[in-house]
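Remarks on the structure that follows.
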Amino acid sequence: MSKIQMKTPLVELDGDEMTRVLWPIIKEKLIEPFVDLKTEYYDLGIKKRDETDDQITIDAANAIKKHGVGVKNATITPNQGRVDEYGLKKQWKSPNGTIRAMLDGTVFRKPILVKNIKPSVKSWKKPIVVGRHAYGDVYKNAEIKTKTGGTAEIVFTDAQGNETRETIMELPGPGIIQGMHNTEDSISSFARSCFEYSLGEKIDCWFATKDTISKTYDQTFKIIFEEIFAKEYKNKFKNAGISFFYTLIDDVVARMMKTEGGMLWACKNYDGDVMSDMVASAFGSLAMMSSVLVSPNGYFEYEAAHGTVQRHYYKHLKGEKTSTNAVALIFAWTGALRKRGELDALPELCNFSDRLEKIVIETIEDGYMTGDLAGICNPPAKKVLDSTQFLDALAQRLKTAL
Ligand SMILES: NC(=O)c1ccc[n+]([C@@H]2O[C@H](COP(=O)([O-])OP(=O)(O)OC[C@H]3O[C@@H](n4cnc5c(N)ncnc54)[C@H](O)[C@@H]3O)[C@@H](O)[C@H]2O)c1
């Protein structure tokens with residue numbers, strides 16, 4: 001059987017710990033026998049980042065800008081414990097944060113559904129994709145804790161030195177104050193990324209803020225979304241048979257508990273932080289959550305939503321078997337290969353990605369899965385597989401299917 005040829009390389013960003021162990025096995029068993037895989041490889045493992053003073057992360061992000069599509073493994077974001085563990089020069093920044101800042105993207109997390117794992121919310125039948133605006137708000141704030149009462153104000157000084165002042169509160173006693181911001185550019189990028197994602201997946205886009213209370217801040221989000229939609233996306237959505245729905249955040253949360261799912265839920269930064277974990281947990285498992293960074297400039301980076309599965313890695317180092325679930329990592333590869341296939345007009349690459357995803361789902365639905373899923377599936381698993389047994393089971397089915 002001849003292998004599927006690629007035109008443009010995928011930018012491959014390798015990572016750390018247990019996911020670094022699984023990464024080459026996924027390629028070797030599930031992709032390389034069928035695809036003449038072309039990648040431009042960047043080692044974002046913590047040692048290489050330390051060795052290159054994190055230049056490798058910047059190079060990898062630039063490569064995604066050049067080629068358009070990247071696939072990323074999970075990486076360690078070092079804290080002091082990791083600095084000691086790996087003897088690092090410093091606590092390097094989160095690679096995801098660096099890449100996001102360079103590509104100016106929005107992160108979309110989509111659960112991978114299987115019939116034998118039922119969402120905790122009974123009405124949910126289709127995936128709910130959470131699109132999180134990953135810039136500003138409370139994540140880049142300034143805070144003061146006062147020792148006494150006094151006047152709390154916000155002050156803005158423009159380039160000419162003109163001041164705009166607003167009193168927040170005459171504090172009667174000690175209190176706390178918080179200042180935060182966002183930019184029209186970032187909100188516009190967020191809106192366009194969400195509309196592009198909805199169009200790509202042909203699903204409705206729901207967006208919510210608390211504009212009735214936050215009449216300037218949140219209302220700016222609402223207005224920007226509505227203006228961009230009216231000018232640039234209304235007709236495209238109509239042609240695709242999908243819609244844009246705006247409501248209040250409390251209303252959307254209530255409605256979400258009664259829907260069938262099957263939409264993009266565009267969330268402001270804090271809402272996305274909180275709601276994406278609720279959605280992930282309600283759909284079953286972090287290891288069944290795929291994630292893609294979509295940039296308004298047409299760059300895509302696919303990854304698993306989970307981390308490096310540190311606990312399993314330490315077991316692996318001791319020579320013990322682990323039952324690490326590779327599903328979200330496989331879906332990162334299939335997502336990236338499918339997108340490459342779409343951009344390079346290679347339908348056979350798209351078909352291969354569809355087929356591999358279908359086999360992953362069928363295998364789990366037939367009762368063969370890793371330990372994390374065995375604990376939550378119904379009917380019970382036929383066989384609980386370790387990390388490589390699961391990948392071998394997929395490879396076997398893939399060979400007979402193609
Ligand atoms: N996208 C990323 O690169 C990313 C995301 C989150 C955390 N991290 C990094 O990962 C490291 C570990 O972080 P963590 O433990 O908080 O997160 P984690 O996602 O690795 O693990 C969280 C929990 O989920 C379980 N789990 C996650 N993925 C699993 C899988 N595929 N199969 C079976 N069980 C799975 C783990 O056993 C653990 O109990 C940290 O150094 C952190 O910086 C990276």
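Throughout, read-outs are computed from the coordinates displayed, never taken from laboratory work. Predicted, not measured: the structure shown is a model, and the values here were computed from it. Cβ: placed from backbone, ideal geometry, glycine included. Neighbour counts: every protein chain shown.
Across the cross-link table entries Lys238/Lys358; Lys125/Lys383; Lys118/Lys382; Lys202/Lys258, which are compared at the Cα atoms, the separations over 19 Å belong to Lys238/Lys358; Lys125/Lys383; Lys202/Lys258. Highest GNM mean-square fluctuation among Arg192, Arg132, Arg255, for the chain modelled with Cα contacts below 10 Å: Arg255.
Past the 37 angstrom mark, what percentage of all C-alpha to C-alpha distances in the chain do you count? Let's see the in-between values first.
Numbers: 22038 of 80601 pairs.
When every Cα pair of the chain is considered, 27 percent fall beyond 37 Å.
For the stretch 74-156, build the charge dipole from Cβ charges (+1 Lys, Arg; -1 Asp, Glu) around the Cα centre, then report which of Trp124, Phe108, Ala152 sits farthest towards its positive end. The listed residue farthest towards the positive side: Trp124.
For the stretch 307-388, the square roots of the Cα gyration tensor eigenvalues, ordered a ≥ b ≥ c, give a/c of at least 1.5 with a/b no greater than b/c, which places it in the oblate category.
Over all distinct Cα-Cα pairs of the stretch 341-402, the Kirkwood formula returns a hydrodynamic radius of 12.7 Å. Please say if the stretch 266-316 is rounded, prolate or oblate, where rounded means a/c under 1.5 for a ≥ b ≥ c the square roots of the C-alpha gyration tensor eigenvalues, and otherwise the choice is prolate for a/b larger than b/c and oblate otherwise? Cα axes put the stretch 266-316 in the oblate bin. Classify the stretch 252-397: rounded, prolate or oblate, from the alpha-carbon gyration tensor (a ≥ b ≥ c, eigenvalue square roots; a/c under 1.5 rounded; otherwise prolate if a/b is larger than b/c)? Because a/c hits 1.5 or more and a/b fails to exceed b/c, the stretch 252-397 counts as oblate.
Calculate the tail of P(r) for the stretch 65-146: the fraction of all Cα-Cα distances greater than 20 Å, expressed in %.
Value for the stretch 65-146 (Cα pairs over 20 Å): 61 percent.
What the Cα atoms of the stretch 30-76 give is an Rg and a Dmax of 12.3, 37 Å. Using only the C-alpha atoms, the convex hull of the stretch 78-202 corresponds to 268 Å³ per residue.
Specify the residue with the greatest mean-square fluctuation among Ile176, Ile364, Ile26, computed from a Gaussian network of the chain linking alpha-carbon atoms under 10 Å apart. In this elastic network of the chain, the residue with the biggest mean-square fluctuation among Ile176, Ile364, Ile26 is Ile176. Volume of the convex hull of the stretch 118-161 (Cα atoms only), normalised per residue: 211 Å³. Taking Asn325, Asn162, Asn79 in turn, the Gaussian network model of the chain (Cα-Cα springs below 10 Å) assigns the largest fluctuation to Asn162. The lysines whose alpha-carbon is closer than 19 Å to the alpha-carbon of Lys72, local same-chain residues fewer than 8 away aside, are Lys27, Lys29, Lys38, Lys47, Lys48, Lys93, Lys110, Lys339.
Computed log10 I(q)/I(0) for the stretch 1-108 at 0.15, 0.18 Å⁻¹: -0.68, -0.92, from the Debye equation with unit scatterers placed on every C-alpha and solvent omitted.
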